[in-house]
Amino acid sequence: MVNVADGFRFENKYIVTTGQIQLIQCHLEGICYQDFFSDDTGSYDIRSLYFDDYAGSAYRDNEVGIEPRSKFRLRIYNCKSDVIFLEQKIKIAGKIRKDRVQVSREFCELVLRNEWHKLDYPVSNGLINRFLTAHYTKGLLPKIIVDYNRETYVYPEGDVRITFDRNISFSDEVEHFFEEDILLQPIMKAGTELLEVKYTDFIPDFIHQGVNIKQLQQYTFSKYYLCEMHKRNGGRV
């Protein structure tokens, strides 16, 4: 059994307009600092390759709200392969934990070419072992690429991270994960973005009031689920 207090935190999501974001940013600037991945514009690109098993468990569990649930992904930043993370997101009792380990480009290429048998197994790293075990026992395979631009504000007290995700898009051409120019299909309406508020135990009042959470509508928003749903419906929700 997983200890819910061990590395877990809240992750609340809201759909916001460009105007709402500008007001929130004005409040956060000077209070929070930005993520180290940020470029001169204050943002960075995230690309994730999500995996699911033969039963579509990651998709189905999100659809019906089963907990605990988890999903695996590979993640890169700004379309660069110098830093690649294998991650597993786990949700229990409404809280989220993200386990991650850095992996090599060679590791990823073998997965993309479906040459899993060339990877060492079992291995000492627990996350990699869980990932490979899910492939061999449940048929875990890459399903969809999710791509978006993120702006992040961080406040250390309470381990607060406030992110704005723009241009959330997907591609089912998983073999082109590392290619910068791939055809992506957006899923958000024009003029809307995703706001995520993440924290461990609390949010300082001055941040809570500045974000004005009480005036926003909270959503259950899984990027993997919504992108996969768009793909299954031919681009329609």
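The values are calculated or read from the model by the stated rules, or taken from the named source; none is laboratory data. Predicted model only: the values in this text are computed from it and were never measured. Here Cβ is always computed from backbone atoms with ideal geometry, including for glycine, and neighbour counts include all displayed protein chains. What goes into the accessible areas is simple: the full protein's heavy atoms, side chains included, and nothing from ligands, DNA or RNA. Shrake-Rupley method; radii C 1.70, N 1.55, O 1.52, S 1.80 Å.
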Would you check if there is a residue in segment 69-84 being of a type in the set (Ser, Thr, Tyr), closer than 30 Å to Lys189 by Cβ and either surrounded by 13 or more Cβ atoms within 10 Å (Cβ to Cβ) or touching a residue at least 24 places away in the same chain (Cβ under 8 Å) (or both)?
-> yes
Tell me which of these Ile203 doesn't satisfy, since it passes every other one: (1) modelled with pLDDT of 90 or more; (2) β-branched (Val, Ile, Thr); (3) in a loop (DSSP other than H, G, I, E, B).
-> (1)
What number of residues within segment 87-143 are farther than 21 Å from Glu175 by Cα, open to solvent by 90 Å² or more (accessible area, probe 1.4 Å) and part of a strand (DSSP E or B)?
-> 1
Selection count, segment 26-55, where residues are in a helix (DSSP H, G or I) and either among the small types (Gly, Ala, Ser) or in contact (Cβ under 8 Å) with a residue 60 or more places away in the chain (or both) = 2
From the list Ile76, Ile66, Ile92, which one is modelled with pLDDT under 95 and out of contact with any Asp or Glu (no Cβ under 8 Å at 6 or more places or on another chain)?
-> Ile66
Are any residues in segment 56-86 under 19 Å from Gly126 (Cα atoms) and either assigned to a strand (DSSP E or B) or of a type in the set (Ser, Thr, Tyr) (or both), and if so, which ones?
-> Arg69, Ser70, Lys71, Phe72, Arg73, Leu74, Arg75, Ile84, Phe85, Leu86
With respect to Arg161, is the statement that it is in contact with an Asp or Glu (Cβ under 8 Å, 6 or more places away or on another chain) and closer than 26 Å to Gly7 by Cβ true?
-> yes
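Just a yes or no: is a residue in segment 222-231 open to solvent by 70 Å² or more (accessible area, probe 1.4 Å), part of a loop (DSSP other than H, G, I, E, B) and modelled with pLDDT under 95?
no
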Count of segment 57-68 residues which are farther than 13 Å from Ala134 by Cβ and either crowded, with 17+ Cβ neighbours inside 10 Å or not charged (D, E, K, R) (or both) | 7
Can you find even one residue in segment 176-195 that is under 20 Å from Arg9 (Cβ atoms), surrounded by 17 or more Cβ atoms within 10 Å (Cβ to Cβ) and either free of Cβ contacts under 8 Å to residues at least 60 places away in the same chain or of a type outside the set (Asp, Glu) (or both)?
-> yes
Within segment 150-160, residues open to solvent by 30 Å² or more (accessible area, probe 1.4 Å) and either without any contact (Cβ under 8 Å) to a residue 40 or more places away in the chain or under 16 Å from the mean Cα position of the chain (by Cα) (or both) come out as Pro156
